[in-house]
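Read the structure below first, then the notes.
The values are calculated or read from the model by the stated rules, or taken from the named source; none is laboratory data. Owing to the predicted nature of the structure, the values given are computational and were not obtained by experimental measurement. Note that each Cβ is placed from the backbone with ideal geometry, even for glycine, and that neighbours are counted across all protein chains shown. The area values use the complete protein model at the heavy-atom level, side chains included, leaving out ligands, DNA and RNA. Shrake-Rupley method; radii C 1.70, N 1.55, O 1.52, S 1.80 Å.
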Amino acid sequence: MIQDKVNNFFQFFKLDKYLFFLIVITLSFGFIILYTASSSSEKLLLLQFRNLAIALIVMLVIAQIPPRILKLYSPYLMAIGVILLILVYFFGSYGGGAKRWLDIGIIRFQPSEIMKVIVPIAIASILSEKNIPPRLGPVLLSLLAIFLIGFLIYKQPDLGTAILIVSSGIYVLFFAGVRIQIIKNVWINLSVIFSSILGTLYLAWNYFLLPYQKQRILTMIDPESDPLGSGYHIIQSKIAIGSGGLTGKGYGAGSQSQLDFLPEHSTDFIFSVLAEEMGFVGVIFLLFLYGLIIYRSFQISIKSEDNFSKLLGLSLTLVFFTYVAINIAMVAGLVPVVGVPLPLVSYGGSSLLTILAIFGIIMSVNKHKLPGYLKK
Amino acid sequence: MDTLANKEYEQRIFLSRYYIAIGFIVLITSVIIARIYNLQVINHQHYLEEALGNQLAKRPIPPFRGKIFDRKGRVLADNKLAYRLTITPEKIKDINQVFVKYKEQGLITDKHIEKYLKVRKNYKKFDQIPIKYNLSEEEMASFLVSDNSVGVDIEPYFQRYYPEASSAVHILGYVSKMSQEDKEIFSDENYQGTDYIGKIGIERQYEELLHGSSGTKQIERNVDGRIIDTDIINPSKPGANLYLSIDLDLQKKAEELLTGKRGAIVVVDVNSGELLTLASSPIYDPNLFVNGISVEDYKSLTDSKDIPQLNRTIQGLYPPGSTIKPMVLLAGLEEDVIKDNHVVFCRGFTKLPNYSRKFNDWKKSGHGKVNTQESIAQSCDVFYYELADEMGIDKIHDNLQNFYFGKPTGIDIPGEKAGVLPSKIWKKINKNEPWYRGETLITGIGQGYTTVSPLQLALATAAIANKGYLYKPRLLKNYSSDNKDLISTKTEIINRLPIKDIHHWDDVISGMEKTIYGANGTARRLNTDQKYTFAGKTGTAQVFGLDPEEDYIAEKYEEHLRDHALFNAFAPIKNPEIAIAVIVENAGSGSSKAAPLAKAIFDEYFKNKETN
């Protein structure tokens, strides 16, 4: 009986039961980490609950919107997004040394956050107009849009968001079957491209570049970055992760985070808090949760009916993974610090809003099967 | 267009890309997991140690330096709470900017920066390095109200403080920053947290007693280096409080009497060797040295012709002049060179065969018939020329050596000089010349090669007063460790002079008595009606260079060729209590320039004794 009622509830709100539960479990785990990361600050926890309430409502609302509506309005969404970004460029307000915010009296928000969702929608829309794989025209249009928006955000400056947005656009192109043809075999193709890019970067970074050169490169790419400062942050973060060991120092007992050695420990570096206090076991548990979320999202997306939905769902899932991967790679010292929060765990309203909006879209893709007469 | 085949083709693309994406995710996730595994499992121990090192550090707890009191418990050296401006370079991005800022604010000057850069290497990472000490209230206020840079702090500390300022400076000495040499001597763990160290005087002599033992604390810091928890592993033990034998009233009186003069006054307890006064003039303020003396102050001290830093009581070497006559007479009597009824007719000079020059008495007209006692009272030179000549230099040397002339007395402050008590061997070794007979004569009246310190003179005088006991001079009377019982230092006899006939000693003392109370006594002017009696000997020493090794007077003070005024005495005559030696450099006659000072000290001593 109760089960039926629950099922009805999810069906009514067009939510995917499994995905919703996985998100709730991850969020709960996130709150547990946030509580210790904020040195048991109830105030921060309450603020994050408020953020979560807003984000959940947004997710719920977005889940009700059929994908075709999104597709229909995607040009307008895109236009609004680009205008907002241009407005930021000229009239944006400063915060933390960057011009990211738009102040419209009652609220202050970052148009670049909205773009994280709008860009995949718009690109998916462009590429799904005709059959896939798309022709050259739509591909070039997509690339132009992606890099224009990426450039505007990079100029704010906000390297982290720019990377995420550009990659989200690229993901759509990728799922649409666009390929860089070197030899016929896709697998060999891709593995050659991936491994050569990664290999070159890895070798360059670790063996060929001198420390001051790395610093220069970092400063060049991201003027806002403080190589010396982030170097210190990374050292502290690695100490936090490493000293956690297999099972961690215990909840609330992480000296690195509790004593403020770890920077930004409720936001960007919250993963290190988890790693320090709950150890490798805690890390694997969180990665397992993320893995399930990604798996479920992929399943939903691949099973959706139209190309637009598939493209959008698959890309957004990969975007979610990118968030996770960049954040962890960043705090573990694998990539430079670019300021990407850990999804569903880090403190912060806008990040949570974006992530739940993404899941709102994925859920809408699942439940809004097209009416039969509209099926092509 | 929308054929089924096309649909299938699209689905194939989606599926292949879907699997590639999953492959990509698995690959990246594996890299991340490998990285985390490497950090958390393989290198766990390394990072665990790093984390511990980050937050926990052992720090020494510097002990509270012992205080120094006079014999009546008046504070001579204390510690006061002060504040210093510190810099933690690791926390500062642009140190030059910080310097400019605080220079503009007027808190520091280039000199502070210079000093800071010099001492910087002596500190450990994340240490707060002091840049300016002893901030005034205005400076504190100015710092606290301004917007301060991270890494610049104010830190409380205990600063050595000498409340009596210049008084007794030559006894106490002072503390100052540890030098490289000090660090080599006191390099052990006990000195890890110590900033100050005794440089001279009591502060140096009893450094280890005063210092106490350092403790250890474990501090837990956060990222700002702010200490959030402190665990005392073992507490520090404060240094011992020292009680000196010095009587501050008497010391100050002596310093007052010497104001504007160069000289020294030593007052010693006849029956123990405790020093009641050890005054050297001029004096200077030891507080100047505590945080490092400024270049100007130091220059004015070292450039002064009066050499204020010289402790004349133990380092000033003077020809004793006539003040040595009582000891020479005693030697003559005890060595049986003369009998106690020995009489000399003084014509104002004496001659030696083969010597063209005459040996003049200070009184050109002569003293006429002079017996043993009158020889002292009137300070007849001819009497002593003849006595010395008959005794010979080596007998004089051997006897006077019993009084520790020419030997360090072992006083408990560093820097004592031995002076010279000449002998034939001494001259052979030091001058590579044979001894001349004429030199024996002038040695008999305390001239020539002989030099003594005021302390030696006072001790010898005390040994005559107490009939043969040469006590080791002592400044430390007792001390208390851990604020527990007082531990007294032991009275030590460094030499017991042989006594052949006690009447000889009485004879000498009577002569010294007649110096004041005799009709022809050189210090008869001091015979006013005191409530005490005293016996003494005046001396007027010619300046021929103070010490063959140290010819600072002869070279620097060509113009200062006036005689030194000396006086040594003890009181009361019956059951003597204190002995005194006074020297005033280039002041002239001992009877008019030195003896009145001694009397003023006696007056003060007996007045205080009465009131107590």
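If you go through region A:253-272, how many residues are out of contact with any Leu (no Cβ under 7 Å at 6 or more places or on another chain) and either modelled with pLDDT of 95 or more or in a helix (DSSP H, G or I) (or both)?
3
Could you check, for region B:30-38, whether at least one of its residues is open to solvent by less than 50 Å² (accessible area, probe 1.4 Å) and at pLDDT 85 or above?
yes
Identify, from the list B:LEU457, B:LEU470, the residue that is within 22 Å of the chain's Cα centre (by Cα) and within 23 Å of B:GLY511 (Cα to Cα).
Just one listed residue meets the conditions, B:LEU457.
Restricting to region A:74-110, give me the number of residues that are modelled with pLDDT of 80 or more and surrounded by 15 or more Cβ atoms within 10 Å (Cβ to Cβ).
8
May I ask you to say which residue of B:TYR133, B:TYR116 is aromatic (Phe, Trp, Tyr) and either within 14 Å of another protein chain (Cβ to nearest Cβ) or open to solvent by less than 30 Å² (accessible area, probe 1.4 Å) (or both)?
Residue meeting the stated conditions: B:TYR116.
For region B:476-508, which residues satisfy the criterion of being in contact with a Phe, Trp or Tyr (Cβ under 9 Å, 6 or more places away or on another chain), surrounded by 14 or more Cβ atoms within 10 Å (Cβ to Cβ) and not in a strand (DSSP E or B)?
B:THR489, B:THR491, B:LEU497
Kindly indicate which of A:PHE298, A:PHE280, A:PHE285 is more than 10 Å from chain B (Cβ to nearest Cβ) and among the hydrophobic types (A, V, I, L, M, F, W, C).
A:PHE285
Would you mind stating whether A:LEU34 is crowded, with 21+ Cβ neighbours inside 10 Å and either in contact with a strand residue (DSSP E or B) (Cβ under 7 Å, 6 or more places away or on another chain) or at pLDDT below 85 (or both)?
no
Which condition number in (1) open to solvent by less than 20 Å² (accessible area, probe 1.4 Å); (2) within 30 Å of B:ALA240 (Cα to Cα) is the one that B:LYS58 fails?
Answer for B:LYS58: the failing condition is (1).
For A:ASN327, only one of the following conditions fails: (1) in contact (Cβ under 8 Å) with a residue 60 or more places away in the chain; (2) buried (at least 23 other Cβ atoms within 10 Å of the Cβ); (3) more than 8 Å from chain B (Cβ to nearest Cβ). What is its number?
(1)
Could you list, ordered by first residue, the pairs with Cβ atoms under 8 Å in which the first is in region B:437-452 and closer than 16 Å to B:HIS564 by Cβ and the second is of a type in the set (Asp, Glu), at least 6 apart or interchain?
Note: pairs meeting the criteria are B:ILE445/B:ASP381; B:GLY448/B:GLU439; B:TYR449/B:GLU439; B:THR451/B:ASP547.
How about region B:1-21: which of its residues are facing another protein chain (nearest Cβ under 7 Å) and either part of a helix (DSSP H, G or I) or at pLDDT 85 or above (or both)? Quick ask: steps written out before the conclusion?
Initially, region B:1-21 is screened for residues facing another protein chain (nearest Cβ under 7 Å), giving B:1-2, B:6, B:10, B:13-14, B:16-18, B:20-21.
Within region B:1-21, B:ASN6, B:GLU10, B:ILE13, B:PHE14, B:SER16, B:ARG17, B:TYR18, B:ILE20, B:ALA21 meet the criteria.
Could you check how many residues of region B:519-543 are within 27 Å of B:LYS339 (Cα to Cα) and surrounded by fewer than 20 Cβ atoms within 10 Å (Cβ to Cβ)?
Matching residues across region B:519-543 total 3.
Among the numbered conditions (1) outside any helix (DSSP H, G or I); (2) more than 30 Å from B:LEU278 (Cβ to Cβ), tell me where B:TYR116 comes up short.
Checking B:TYR116 against (1) outside any helix (DSSP H, G or I); (2) more than 30 Å from B:LEU278 (Cβ to Cβ), the one that fails is (1).
Within region B:272-283, can one find any residue that is surrounded by fewer than 17 Cβ atoms within 10 Å (Cβ to Cβ), modelled with pLDDT under 95 and not acidic (Asp, Glu)?
no
Within region A:301-324, is there a residue that is within 12 Å of another protein chain (Cβ to nearest Cβ) and within 20 Å of A:ALA240 (Cα to Cα)?
yes
Quick one: A:LYS238 ticks every box in (1) open to solvent by 10 Å² or more (accessible area, probe 1.4 Å); (2) touching a Leu at 6+ places or on another chain (Cβ under 7 Å); (3) more than 10 Å from every other protein chain (Cβ to nearest Cβ) bar one, so which box is it?
If we test A:LYS238 against (1) open to solvent by 10 Å² or more (accessible area, probe 1.4 Å); (2) touching a Leu at 6+ places or on another chain (Cβ under 7 Å); (3) more than 10 Å from every other protein chain (Cβ to nearest Cβ), just (3) comes out false.
I'd like to verify a number: residues in region A:245-261 that are touching a helix residue (DSSP H, G or I) at 6+ places or on another chain (Cβ under 7 Å) and within 8 Å of chain B (Cβ to nearest Cβ), how many?
Count: 6.
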